[in-house]
Every structure is written in C-alpha cells, then in structure tokens.
Ligand SMILES: [Zn+2]
C-alpha cells in the first residue's frame, strides 16, 4: 500500500472526537480520549503494521516478548491495562508504544541487549508511557495545532518509529523537526516513565541498574560512530542529568545479580541466526564457541544449529542440537528446532514424528502446534492437520495464523466454502473486514457446501458487512 493511501486510511480511521473538544492535560483520563478510543486507534494502526514488511511474525520471538512484557506489566501501577507486544524487523535499537497498549520492539533492541534486565528496562519504560497515559496526553496537546491532525500524528508516529521511514513521513507533513517536536513525549513524561519504569523493573525482579548500564553503552556506541544515533537515543535524548537521575534512584539498592532466562538467550540467538546473512551468522557463532566468548553456551550452539539449517548443512545442525541438549534442561524452543532439522533432512514423515512427540510434552506451545499441523499437510494428511488446528481453536480463538492454517487444510480437502470462510476469519482477526466479506462472497459463489453451511456463511457475511459499513460510515463522518 502506498504511503498516501495508508495515511488517508488512517485519517479516516480516527474517530472525530479525538480531533476536537479535547480537555486540558490532566483531565485526559476522564474525558475526551477514553481508553476504549485509544485501543481502537491502536488497533487501526496495528492493522497497517501487520501488513507491513517490517512486522516480524515469529511465533517464538513474539511469545517470548509477550511473556516478558506481561510479566513486567503485571507489576505496573495499572495492571488492568491490556498489552500486546510485537516484533519489528529493524536493526535500530528501538522500542515504541502505540495508543492502546500496543508496544513494538525492534529486533535490534533484543540483539543489542547484553542482559535480559537491559531489555526489560526499555520495555518497562514503554509500559510506563502507556500506564501513565502519556500518549493520550500527547494527542490532547495537539488540539491547538492546525498543522498536524491527530491522524497525521499517529501516522507519522508509526512511520518514523516503526518503519524507519522518517524521511517519507517528513515529506508528507513538512519538516522532520516539526514531526519530531510533535511526537516526542514531554521531558516530564520521560522522567515519569523512567521513574515508574524503574519501579516496574525492580518489582518484577530484574536488575534496576540495567537501564543506566544499557543507556550508557548506547551513548558510548553513539559517540564512537557519531553518524546515525540509535533511534531510541534520538527519541530519548540521554543527558548526563538523566543518567545521574537513574543512578541516584538505584544508589541505595544492594547489588543484585539477576540471571537471564534460557528463553532470552535462545530467542536472541534465533533472531541473529535468522536475520543475519547465514555465512556471517555461522562465523559469529563458531568463533564464539572456539574462543569461548559468549553469554550462553547453549544459545551459541542453538544459534549455530539454526544458521546451519539455513544453509542446509543438516548433519552439522543435528550435532549442534545435540550439543544444546547436553548443556541445558529440555526446552520447547530447542525441541522446535530439533523437529525443523529432522523435517528438513528426513522429510515430512520424520518431521511429523518429531512434532508429534514434542506436542505431547508441550501441547500448548504455538510453534509446535503450527509445526505439527504443517508437517501433516506436507505429509499429505490434511484431515489430521485440521484436527490439530481445530483442537487448538477450541481454546484460542483470536489467533489469525490458526485460521490461515485451517484455510490451507480445507483447500487441500477441496472444501472451497470452508476454505474461504477460514480465510475470512483470519482477516477479521487481522482487522481487515472488507477482505473478510470478499472471502465469504467467493466462498458462497464457489458452488460448494450444504444448505446449513451456506446459510451460516451467509449470515456471517451479513454480520461482517454490517460491521464493515458501520466502520466506513464512521470514517466518512470525519
Ligand atoms: Zn520514553
């Protein structure tokens, strides 16, 4: 989708009430911009992000960052707020909060964090921006500014922070400086996010000094390379005052060594193995092992195995998986990789046998559920694949990837109505109602399905069309 179309859509998507009659700072939580509206705005932005190339939909990475983020959010002052964390494929060290509790985490942030506490410190800070309602206040402050509408603000926020397209956003809205001025939280907001973020970090059992350590290292790196400060530093200009502030707060804390979780180490290694050119990744992990220079031996073997899988060196990948198993307790992340290696080297039957076993030990682990269903499909067993997917859909109903798998199963079974219906349900969960209605239309025209299935699909189509029309009407009123 072109930038202009996208901006137009965002403009249409923002409820009118956001743009006018906004109360003064401080009253935002009570009137004008309700948490529900904030969530809706966030969901609209998320729909675009999910369709963006930079959206990194890795089940294991996403599950990890959500587990960590929710563990932190549970210790925040407003534990009722819903959060959804997602990954953005971008080497820049950055994280950003959208309206409604959606928090984007750049893969570059995870890769550059030297400890889980460092990663947690940045997440805590972003969580604090949300729970302290800084975004609502930021939007509220726009009321007297004619130059930038709220939607433009949201779009620029997304584009400049998530997709690294600050230049394009600037071209659309005027100078980059103007956008930056609009997008930055106030100094007071930043201080509050530091303070509250620190409390969250500590209550969740992480090292409270990690924030200062991480910021200092980022600043050193910036000084060395000078060009292109990490974007997190650009949006969070680091002053000596700010470091001193953080250090003052932790001065009295006793020294606490907080070990990293195995998941942190493995997910970090996975991102490096998947995102770097394979040869570079192999060289990186190999030299880590020979020089014994690593944060985690297990993760280094794991990363090497993943990198070797990418270049189809299955025998060595297999050996490295065995090496991981020798040094750490059993982990679904390791088993998933073991099954991927088994499948790539031994074919669908070998993969299937492995995923089946793994699913007995980790029945609710997403990557294993997907892997097992996919292996059934590759082995020419769509019925069995469908059973795996539908078993999971009984308890999880908001996962669009399950519906995409379901659609593949029905396609393999030549059940066209059911295929389009599953595809439609996937679109609904991705926020694309128009696409969902189109899928149901295709399904109804496919000449497939019995009376009951047809009338059920028809009533679902009517329901979704009504919702879609409602949304479009709402947008036209702006
Ligand atoms: Zn901040």
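Where a number appears in this text, it was derived from the coordinates with a stated rule and is not lab data. The model shown is predicted, which means the values in this text are computed figures rather than measured ones. Positions of Cβ are backbone-derived with ideal geometry, glycine not excepted, and every protein chain shown enters the neighbour counts.
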Where a ≥ b ≥ c are the square roots of the eigenvalues of the C-alpha gyration tensor, would you call the range 351-447 rounded, which needs a/c under 1.5, or, failing that, prolate if a/b is larger than b/c, or oblate? oblate
The range 307-398, convex hull of Cα, quarter of hull surface, nm² -> 6.2
How high is the relative contact order of the range 371-478, in percent, with contacts defined as C-alpha pairs under 8 Å that are six or more residues apart? 19
Run the simple label-point estimate for residue 286 and residue 203 please: 7 Å along Cα→C-beta, distance reported in nm. 4.9
Of the listed peptides 370-383, 453-466, what is their order by residue-averaged count of other C-beta atoms within 10 Å, with the highest listed first? 370-383, 453-466
Ranking request for peptides 319-326, 402-409, 257-264, 65-72: highest mean number of other beta-carbon atoms within 10 Å first, then the rest in descending order. 402-409, 65-72, 319-326, 257-264
Highest-first arrangement of 272-285, 415-428, where packing means the average Cβ count within 10 Å: 415-428, 272-285
